[in-house]
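To start, the structure under review is shown below, and the notes come after it.
What follows draws every value from the coordinates through simple rules; no lab data is involved. Since this is a predicted model, take the numbers as computed values, not measurements. Quick reminder, even Gly has a Cβ in these numbers, built from the backbone with ideal geometry, and neighbours come from all protein chains shown.
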Amino acid sequence: MRTILFLAATLAAAPALAEDREYCPSRPDLGRPPCTIAPGRVSVETALADWTLEKDSDGRTDTVLIADTLVRVGLSDTVEAQVGWTPYGHVRARDSASGMVENRARAGDVTLGAKVNLHNPDGKGLSAAVRPFVTVPVGRMPVGFGDWGAGMTAPVSYELNETFKLQATPEVEAAVDKDGHGRHFAASGTLGLGVELTEALTATIEAQVLRDDDPDEGTTQASGALSLAWMVGKAVQLDIGGIAGLNRDAPDAEVYLGISQLF
């Protein structure tokens, strides 16, 4: 009887504990937050539209992703499961020499992952986590990768005060080769500073360096980003952001708009 009463009390208290934790979407930053979703809650985070521009001497490529979505499910106080998928992407490539234009519409791959928080799952103070993930090749190139991939991120954040928060996200990955067959080493580091402009509005400025050792052509990309996130109540966030390439290897520009909701 005592055991039954204890379990009943625990289940009754779980919703209250979940309500006490502030909503912390992964969007719209380049890096990933170390906080986890409260147990029993579900976060649906969607890029309503995402446009990327890449230009070089050979031509220009425009990539548009629609409804790129990440679902996060709180399994315990410190662990969440993640499923991500891009249902639609459109790639338009124009060749400078011939003027020919190629359009391809594809679905992307599925990403399966889990985030395990190691300290402060609500993201307060000093917070840290690890996030292993795998990519499942259900999509088609050039939106999908065509083969299995895997990686690990280890996000860390630290609140300097009520206004400023430092964020760092190192990542290593067995990334899929450009030809869609096999994998190679890739690693990135992202540093960010979050600024709470008001109780509902937060701005984040970030810098990222990505090294990709693809056997066809290795690249080192440097990018800078600025994003705004607006909390509408306690369970909905709207966001907008932009990324600028800082060297020749990086895409020239990216602009995105999204929404996140906690259920």
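Could you identify which residue out of 247, 161, 103 has the top mean-square fluctuation in a GNM of the chain using Cα springs shorter than 10 Å?
Largest GNM mean-square fluctuation: 161.
On C-alpha positions alone, give me the angle between the axis of helix 2-20 and the longest principal axis of the chain, in degrees, nearest 10.
In the chain, helix 2-20 runs at an angle near 50 degrees to the longest axis.
Which FRET efficiency value, to the nearest 0.05, is calculated for residue 181 and residue 130 with the Förster distance at 41 angstrom and r the Cβ-Cβ distance? Intermediate values should be presented prior to the final figure.
Values: r = 29 Å, r/R0 = 0.70.
Efficiency, from the Cβ-Cβ distance: 0.90.
Going by average Cβ neighbours within 10 Å, how do the peptides 90-96, 24-30, 63-69 rank, with the highest at the top? Don't jump to the answer; show the numbers that get you there.
Numbers: 90-96: 14.9, 24-30: 22.1, 63-69: 17.3.
Ranked by mean Cβ neighbours within 10 Å, highest first: 24-30, 63-69, 90-96.
Count the lysine pairs in the chain whose Cα atoms sit under 29 Å apart, keeping only pairs 8 or more residues apart in sequence or on different chains. Write down the numbers at each step before the final one.
Working: 55/178; 115/124; 115/165; 115/178; 115/234; 124/165; 124/234; 165/234.
The result is 8.
Which value, in Å to one decimal place, does the Kirkwood hydrodynamic radius take for the stretch 205-255 when every pair of different Cα atoms is included? Write down the numbers at each step before the final one.
Working: mean 1/r = 0.0793 Å⁻¹.
Here the Kirkwood hydrodynamic radius works out to 12.6 Å.
Within the stretch 223-263, find all residues whose amide N lies under 14 Å from a label point positioned 7 Å from the Cα of residue 198 along Cα-to-beta-carbon.
Within reach of a label on residue 198: 229-233, 238.
For the stretch 51-149, compute Rh as the Kirkwood radius over C-alpha pairs and then the Stokes-Einstein diffusion coefficient at 10 °C and 1.306 mPa s; write the answer in µm²/s, rounded to an integer.
Numbers: Rh = 15.7 Å.
Rounded to a whole number, D works out at 101 µm²/s.
Would you kindly derive the ³J(HN,Hα) couplings of the stretch 70-75 from the backbone phi angles with the Karplus curve 6.51 cos²θ - 1.76 cosθ + 1.60 (θ = phi - 60°), listing them in order in whole Hz, with x for Gly and Pro?
Once rounded to whole Hz, the list reads 10, 10, 10, 10, x, 9.
For the chain, with the dipole built from +1 on Lys and Arg beta-carbon atoms and -1 on Asp and Glu ones, taken about the Cα centre, which of 259, 114, 235 lies farthest toward the positive end?
235
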